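What follows is a single structure, written as structure tokens, with notes after it.
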Amino acid sequence: MSNIAKRGKGMKPKLRTINEEDLNKLLEKDGLLFTSKDLAKMLGVTEGALRKQRSKNRSIFKFSKLNGRVYYPADMIMETIHNNLQQGNLR
């Protein structure tokens, strides 16, 4: 029985927290992050539409999930939009 009690010890991941100053430096260095609400407003779609795309692995935008919140890097959004531009056809 003592073997079972010891089995889970030491299995917890070591969490390192980041202070607000380091977070601000990181954001300044790597750029701006948008929430789902921000991106939905920019694109003129609902947050539900973005959520559905993420859940079905059909989102063209790269994102990160931190503490249950979804963030989109602004520079990647612009890059994705430019990479997906299509030429219009004249009639």
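Details
- Enumeration of residues in the stretch 45-85 that are in a loop (DSSP other than H, G, I, E, B) and in contact with a Ser or Thr (Cβ under 6 Å, 6 or more places away or on another chain): ILE60, PHE61
- Filtered by the rule that a residue be basic (Lys, Arg) and within 13 Å of THR35 (Cα to Cα), the stretch 45-87 gives ARG51, LYS62, LYS65, ARG69.
Since every read-out is calculated from the coordinates, none of them should be taken as a lab result. Given the structure is predicted, the values throughout are model-derived calculations rather than measurements. We place every Cβ from the backbone using ideal geometry, glycine too, and count neighbours over all the protein chains shown.
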